[in-house]
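Notes follow once the structure below has been shown.
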Amino acid sequence: MSTENMASTKKVKHPGRFSQTFIYLGKLFRMFLFQNDWKVLPMAAIISGLVAFVVGGNLYKTMEGTMTGAFALACVCIWNGFFNSIQVICRERPIVKREHRSGLHVSSYVAAHMIYQAFLCAAQAAITLFVCINLKVTIPGESLITRWPVVDIGITLFLVTYCADMLALLVSSIARTTTAAMTVMPFLLIVQLLFSGGFFNLPQQAMPLTNLTATKWGLTALCIQGDYNSLPMVSIWNSAVKLKNVEVEGEKPLLEVLSYIEENNRRDELLMMSAQQNQKPEYTFDKSLLIECWIWLAFWTIVYIVVAVVLLEFIDKDKR
Amino acid sequence: MLHNIGENTNYLSQTIIYLLAVIGCWKIFVKCGVKPFWAIIPFAREYHLGLCADREEDGRRYAILSVITNVIGGFSGLFKTDDIRVTATLLILLLIFIIPTMIYEFRVYMGLIAMFGRSKKWILLFVFFEAPTIFAWGMLKRFVPKRKVTDYAGLTEAKTLDEDVSHDDDGLTVNINERTAIDFFKRKVLLKDIHMSIPKGHMVLLLGGSGAGKTTYLNAVTGYEKANASIKLGNDDVYKDYSKMLYDIGFVPQQDLMRGNDTVALTLSDAATLRLPSSVHLFDRMKRVNEVLEQFGLTAVKNNLVEKLSGGQRKRLSIAMEFISDPSLFILDEPDSGLDGVVARGLFEKLRAIADEGKIVIVITHTPDRVIDLFDDVIVLAKDAKRTGRLAWYGPVKEAYEFFGKSTMEEILLSINQKEEGGEGRADEFVEKFADYMKERVG
């Protein structure tokens, strides 16, 4: 086509949002190869390996181990998600501004990032699961949604990672520089960890705030999937064992009781009784509860995306 | 009773401190040429202190932060509670805002000390004995600022043309009445009374000192930042048909804003896909990409990563990205920045060739004289007495020399620059002269 012909048709129709999404998706996958974005995948393997090594032993075996392990897994997902996208927009903000001036649709740009990040998050969730399974971390035997428990766990890991990823994308769309984004990130990370709602004891007034965090819904989902309420609780037993030599009026009553329980093979029964007193209704092995967690994660993901798109629409207002 | 006496003394000392600060600020504002009544108005006082210190932005932030800090402080005073959580939250909030308030206060006073030409040690007195120090600076005659704050609003503006130029069916017709912006509740006129008609095939130099409104003018012309104006490219209204005109106007920014880790060919190919109409077939698009690569001398490096290109190659790629859609109006903001003379000359020759194809090419450059022979016309923008960007000349290059009585573009620039910028400060004279010249021509 000659220049003249193009000039005559150039006011007709230009690539819409759908076509633009694919153009940017192509760019992002090229960046994956050429700009070392692929490094987040081996990083995910290293982090999940460390976590599985440290806290994987008691995951889905005891209540305490499940709580600690599920929290650590949720943290791995948050960490992965944050690092995937915290710099992706702010590092090329002037370029986006230039392209917006030349007809870029912000929604297409964000959509391309969403698809690309979904690919990264899915890969990271798969890697995390692969590492955990290979490091002999217990995977629940029963599933709630699909036929395979590992797939259910994988979906949860993906949703938590993706939710954190989109939150980081939102931060990246607000921050003017990578330094600003990296300054905000630890603060967000601390909020996510503190307000998980399960691991740290929070005052009752602060509990509604936990609904804002992906860690809360991730931790809850992982505990539901591991049937937390059916697991034994060992902390009371362990504490009692530590106190076995405490003497009361020249005798060691705790040692006697513990010996009696051991001799009569009633330890497991006691552990289960102890667990019954500490069951949490929100961790019941129930399909609707798990779906609720997933919906919350999806909800926050959508909120972050919508806000990011709206804020990026104002990119032209950036100071020169 | 003792308690009451203590309270009364406290109120009295606070009132004295407040009065000292107000009187001191009043006098300082008089010395600095700021309306003194601002000293009475809390928070506006902080902003105007910033003006006196020649740190308007810091003064603005200081004022805003002072408002927030006082609101939180007042809130904590009103709602006294025994709940440690509420108290702690308010305390943390207060700390969050008090720290930056103090920092900006510090910056404003440092600016004030510099403006009054005093030793930096004074900052200690400003921090620890703020009110008496302000009072002393206001009352004592030996504390005098180096220069006064200029109230541009009170100055008389240069004569205006106030008449639109007639529309050119082929070229670019610019009739900007005014381009304003609201900045911290103040309306600023950035550009005013700019009228011209640029024929197609012309390569135009956009000349102007720092802050004269060159980029504002270009943004207004391209419709990126709309002004109170009528901009027509051929028969199309740039503002009304902005979404369509977007692709008919190429704007090359000063920085090379491209992704470094993509190849030259793919960068250009993506630009082509984004900017060319959807109806253009893939084959034609690739043909166009190859043509443009060839035209800009990038074929040999088409498979190289953008970050590996030289400064000149990168600049050419940046231009090629806009040129790919074959725009009628081509605007370049300092395309020769960072390039040596030979490379810059080569680049401008390419732009001349583009203009010769029937395009309008408008270029900002800070070193115009080395390539001035390639330009047809020159637009000279100047800051008038009110610091508004005004048109001091639009027309052929040779006539510009006669109009300004100078022999180089740099001399023209010096003549219109303000005196504090090292120029001759004749902007208003030429703005009025050009308005008269245009009136004669427009009739």
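Every number in this text was worked out from the coordinates using simple rules, so none of it is lab data. Remember, it's a predicted structure, so these values are computed and weren't measured experimentally. Note: ideal-geometry Cβ built from the backbone for every residue, glycine included; neighbour counts use all protein chains shown.
Below, the figures for the structure above:
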| quantity | calculated |
| --- | --- |
| Over the stretch B:103-197, equivalent-ellipsoid semi-axes from the Cα gyration tensor in Å | 47, 15, 11 |
| Label-zone membership for the stretch A:174-209, site A:S235, 7 angstrom Cα→C-beta point, backbone N under 16 Å | A:196-203 |
| C-alpha long axis of helix A:214-225 to longest principal axis of chain A, angle in ° | 50 degrees |
| Low-density loop positions, GluC sites (Glu not before Pro), the stretch B:295-398 - DSSP coil, at most 14 other Cβ in 10 Å | B:E357 |
| Label-point gap, in nm, between B:K226 and B:D340 - each point 7 angstrom along Cα→Cβ | 4.7 nm |
| 5 angstrom amide H check on B:V378, placed H, neighbours 5+ away | B:L205, B:G395, B:V397 |
| Choice from A:Q279, A:Q87, A:Q35 showing the highest fluctuation, given a GNM over chain A with Cα pairs closer than 10 Å | A:Q35 |
| Debye equation applied to the C-alpha atoms of the protein assembly as shown, log10 I(q)/I(0) at 0.05, 0.06, 0.11 Å⁻¹ | -0.41, -0.57, -1.23 |
| Three semi-axes of the equivalent ellipsoid, chain A, Cα gyration tensor, whole Å, largest first | 50, 19, 16 |
| Long-range HN-HN contacts of B:L332 with modeled amide H, under 5 Å | B:V252, B:I362, B:V363, B:I364 |
| Average Cα contact separation per residue, chain A, under 8 Å, 6 or more apart, as relative contact order % | 23 percent |
| Normalised per residue, the volume of the convex hull around the Cα set of the stretch B:2-147 (Å³) | 120 Å³ |
| Chain B: angle of helix B:427-442 to the longest principal axis, Cα-based, in degrees nearest 10 | 40 degrees |
| Nearest 10 degrees, 0 to 90: helix A:40-55 Cα axis against chain A principal axis | 10 degrees |
| Order of A:K242, B:K188 - criterion: other Cβ atoms within 10 Å of each residue's Cβ, fewest first | A:K242, B:K188 |
| Total charge dipole magnitude, chain A, about the Cα centre, Cβ charges on Lys, Arg, Asp, Glu only, Debye to nearest 20 | 2020 debye |
| Karplus 3J(HN,Hα) series, Hz, for the stretch A:188-194 with 6.51 cos²θ - 1.76 cosθ + 1.60 (x for Gly, Pro) | 5, 4, 5, 4, 4, 6, 5 |
| Extension reserve of the A:D286-A:E263 stretch, reckoned as 0.36 nm per residue once the Cα distance is removed | 4.6 nm |
| Over 19 Å [Cα-Cα, the stretch A:59-124], rounded percent | 51 percent |
| Pairwise FRET efficiency - B:L91 versus A:Q277, Cβ, R0 = 30 Å, nearest 0.05 | 0.20 |
| Residues A:W148, A:W300, A:W38, sorted so that the one with the fewest Cβ neighbours within 10 Å comes first | A:W148, A:W38, A:W300 |
| 222 nm mean residue ellipticity, helices alone, for chain B (DSSP H n ≥ 4; -39,500 (n - 2.57); rounded to 500) | -15500 deg cm²/dmol |
| Nonlocal Lys pairs with alpha-carbon distance under 29 Å, the stretch B:2-147 (8 or more apart, or different chains) | 17 |
| Helix-only mean residue ellipticity at 222 nm for chain A, each DSSP H run of n ≥ 4 adding -39500 (n - 2.57), per residue, nearest 500 | -22000 deg cm²/dmol |
| Stokes-Einstein D for chain B, Kirkwood Rh over Cα pairs, 4 °C, 1.567 mPa s (µm²/s) | 50 µm²/s |
| Under 16 Å between alpha carbons - lysine pairs in the stretch B:274-414 that sit 8 or more apart or on different chains | 5 |
| GluC sites (Glu not before Pro) within the stretch A:234-314: DSSP coil, no more than 16 neighbouring Cβ in 10 Å | A:E247, A:E249, A:E313 |
| Packing-based exposure ordering (other Cβ within 10 Å, fewest first) of A:C293, A:C121 | A:C293, A:C121 |
| Full-stretch length increase - B:R187, B:D151 - with 0.36 nm per residue and alpha-carbon distance subtracted | 11.6 nm |
| Dipole magnitude of chain B, debye to nearest 20 (Cβ charges: Lys/Arg +1, Asp/Glu -1, about Cα centre) | 1940 debye |
